[in-house]
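Student: Structure provided below as structure tokens; questions to follow.
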Amino acid sequence: MSDSEALVRNVRWLGHASIVVRGSKTVYVDPWEVSAADPADVILVTHDHFDHLSLPDIDRLSRAGTAVVGPAMCRQALGRRLTAIEPGGAVTVEGVPVEAVRAYNPKKQFHPKDYGGLGYVFTVDGVRYYHCGDTDRIPEMDAVRADVVFVPVGGKYTMDAAEAAEVPALVGARAAVPMHFGKIVGNAADAKTFARLCKVPVVVLERS
């Protein structure tokens with residue numbers, strides 16, 4: 001097993017932008033139409049679009065004590081169970097440190113900067129994971145440091161594969177996982193292009 005494969009051994013890509021990290025804590029990001037059933041310690045929601053904030057998935061994965069973290073825009077859907085976080089904010093929930101990073105499109109209308117979308121850096125078992133959210137390459141990424149980065153590669157609503165390939169080295173990652181392809185936009189060819197162009201080892205996960 002390579003170093004990059006070892007870093008993602010506890011990671012499952014659940015399709016689209018949905019990720020789960022299973023270690024001493026189980027953390028989901030943007031679960032949507034997922035088949036996974038392991039109860040969550042923490043669920044991170046990047047923004048309120050239907051393919052990122054799915055109440056049926058959140059309800060099914062939640063147990064007593066599950067922490068649900070997201071931007072304030074998610075309050076209407078999630079109510080009092082939301083732990084709201086702002087860009088640049090940090091919180092520790094269920095023993096998991098979480099940092100919020102802006103996520104937006106500088107030149108597209110889909111996710112404007114003032115919309116309030118987020119990416120997250122969170123730590124499980126000493127590994128720092130960065131889920132970029134729905135975003136293009138933005139200056140706020142310059143301050144991020146992570147061991148593993150989950151990068152959207154499908155284009156249109158996010159970075160395309162070529163732009164995405166710049167991000168892992170920028171944040172000092174030792175392993176990169178492509179996401180946000182295969183459902184609404186993007187396909188496996190985008191993941192392959194990302195892997196070819198990226199200067200950091202890439203692990204293309206099969207959907208599980």
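Student: Residue by residue through region 29-53, note down the ones that are in contact with a Ser or Thr (Cβ under 9 Å, 6 or more places away or on another chain) and small (Gly, Ala, Ser).
Tutor: Residues satisfying the conditions are Ser35, Ala36, Ala40.
Student: Sort out which residues of region 49-64 are modelled with pLDDT of 95 or more and under 16 Å from Leu82 (Cβ atoms), and write them in order of number.
Tutor: Residues satisfying the conditions are Leu53, Ser54, Leu55, Asp57, Ile58, Asp59, Leu61, Ser62.
Student: Mind counting the residues in region 133-150 that are surrounded by 19 or more Cβ atoms within 10 Å (Cβ to Cβ) and in a helix (DSSP H, G or I)?
Tutor: 1
Student: Still on this structure: Within region 94-107, does at least one residue satisfy the condition of being farther than 23 Å from Val200 by Cβ, surrounded by fewer than 21 Cβ atoms within 10 Å (Cβ to Cβ) and hydrophobic (A, V, I, L, M, F, W, C)?
Tutor: So far as region 94-107 goes, no, none of its residues is farther than 23 Å from Val200 by Cβ, surrounded by fewer than 21 Cβ atoms within 10 Å (Cβ to Cβ) and hydrophobic (A, V, I, L, M, F, W, C).
Student: Hey, among Tyr157, Tyr130, which residue is surrounded by 18 or more Cβ atoms within 10 Å (Cβ to Cβ), touching a residue at least 12 places away in the same chain (Cβ under 8 Å), assigned to a strand (DSSP E or B) and of a type in the set (Ser, Thr, Tyr)?
Tutor: Tyr130
Student: Among the numbered criteria (1) among the acidic types (Asp, Glu); (2) at pLDDT below 85; (3) in contact with a Ser or Thr (Cβ under 8 Å, 6 or more places away or on another chain), which single criterion is violated by Asp114?
Tutor: (3)
Student: Out of all the residues in region 168-199, which are in a loop (DSSP other than H, G, I, E, B) and under 14 Å from Lys156 (Cα atoms)?
Tutor: His180, Phe181, Gly182, Lys183, Ile184, Val185, Gly186, Asn187
Student: Taking Leu170 and the conditions (1) in contact with a helix residue (DSSP H, G or I) (Cβ under 8 Å, 6 or more places away or on another chain); (2) at pLDDT 95 or above; (3) aliphatic (A, V, I, L, M); (4) buried (at least 18 other Cβ atoms within 10 Å of the Cβ), which numbered condition does it fall short on, given that it satisfies the others?
Tutor: (4)
Student: Collect the residues in region 113-126 that are in a loop (DSSP other than H, G, I, E, B) and surrounded by 13 or more Cβ atoms within 10 Å (Cβ to Cβ), keeping them in residue-number order.
Tutor: Scanning region 113-126 gives Gly116, Gly117.
Student: Now a separate question. Going through region 23-66 one residue at a time, which ones are surrounded by 17 or more Cβ atoms within 10 Å (Cβ to Cβ), in contact with an Asp or Glu (Cβ under 7 Å, 6 or more places away or on another chain) and more than 21 Å from Gln76 (Cα to Cα)?
Tutor: Hits for region 23-66 are Lys25, Thr26, Val27, Val34, Asp41.
Student: Would you mind telling me which numbered condition in (1) closer than 28 Å to Arg75 by Cβ; (2) without any contact (Cβ under 8 Å) to a residue 40 or more places away in the chain Val124 fails?
Tutor: (2)
The values are calculated or read from the model by the stated rules, or taken from the named source; none is laboratory data. These numbers were taken from a predicted model, which means no experiment stands behind them. Neighbour counts are summed over all protein chains in view; Cβ atoms, including those assigned to glycine, are modelled from backbone coordinates with ideal geometry.
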